[in-house]
């Protein structure tokens, strides 16, 4: 029992320590008062959809599996790839599920797993290149958010594959 608690504590702490930067250009932004320095990023593929995550946690995949103890900020972008196979999508306002060629997203800050701030993506575009190993390179991303003129704009980020 003591070993199990020690393991859980180690995993929880790992989700809230300074970590490596996501491969590619430095990504620091402030959207609607929520600051994020992207330390890592992943892509999750399920049911024909892609979800890109950028997080201030050293291991985004691990932070999706376990609730970080401290404050964690995560940007997620759910994408329904176009039927024609192109690797770009238009970012639209929130909806239950994006249609082909559309993406919806949210920037969320949570402490101990309880959300204390969020802002929805409202417009923009995203383009990516899929790699044979399941990773993705975000070749460009430009996202506008509801209720603010702030934008997240960057390119050249490598997101590793994750199966939470």
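The values are calculated or read from the model by the stated rules, or taken from the named source; none is laboratory data. Bear in mind that the values here come from a model prediction, so they are computed numbers and not experimental data. No Cβ is skipped: glycine too gets one built from the backbone with ideal geometry, and neighbour counts run over all protein chains shown.
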Given 47, 40, 63, 35, which one is touching a strand residue (DSSP E or B) at 6+ places or on another chain (Cβ under 9 Å) and either modelled with pLDDT of 95 or more or surrounded by fewer than 21 Cβ atoms within 10 Å (Cβ to Cβ) (or both)? 35
Quick one: how many residues across the range 50-60 are buried (at least 21 other Cβ atoms within 10 Å of the Cβ), touching a helix residue (DSSP H, G or I) at 6+ places or on another chain (Cβ under 9 Å) and more than 20 Å from residue 116 (Cβ to Cβ)? 1
Conditions: (1) crowded, with 20+ Cβ neighbours inside 10 Å; (2) part of a strand (DSSP E or B). Residue 90 meets all but one. Number of the miss? (1)
Residue under evaluation residue 104, criteria (1) surrounded by fewer than 21 Cβ atoms within 10 Å (Cβ to Cβ); (2) out of contact with any helix residue (DSSP H, G or I) (no Cβ under 9 Å at 6 or more places or on another chain); (3) in a strand (DSSP E or B), criterion not met: (1)
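Evaluate the range 110-118: report whether one residue or more is touching a residue at least 60 places away in the same chain (Cβ under 8 Å), more than 15 Å from the chain's Cα centre (by Cα), closer than 16 Å to residue 36 by Cα and not in a loop (DSSP other than H, G, I, E, B). First the steps, then the outcome.
At the first step, the residues of the range 110-118 found to be touching a residue at least 60 places away in the same chain (Cβ under 8 Å) are 117-118.
Right, trim to more than 15 Å from the chain's Cα centre (by Cα) and you get 117.
Okay, now just the ones that are also closer than 16 Å to residue 36 by Cα, so 117.
Still in the list and also not in a loop (DSSP other than H, G, I, E, B): 117.
Within the range 110-118, one or more residues are touching a residue at least 60 places away in the same chain (Cβ under 8 Å), more than 15 Å from the chain's Cα centre (by Cα), closer than 16 Å to residue 36 by Cα and not in a loop (DSSP other than H, G, I, E, B).
Would you pick out the residues in the range 127-143 that are within 22 Å of residue 107 (Cα to Cα) and part of a strand (DSSP E or B)? Write out each step before concluding.
Let us first name the residues in the range 127-143 that are within 22 Å of residue 107 (Cα to Cα), namely 127-128, 135-143.
Within the range 127-143, 127, 128, 136, 137, 138, 139, 140, 141, 142, 143 meet the criteria.
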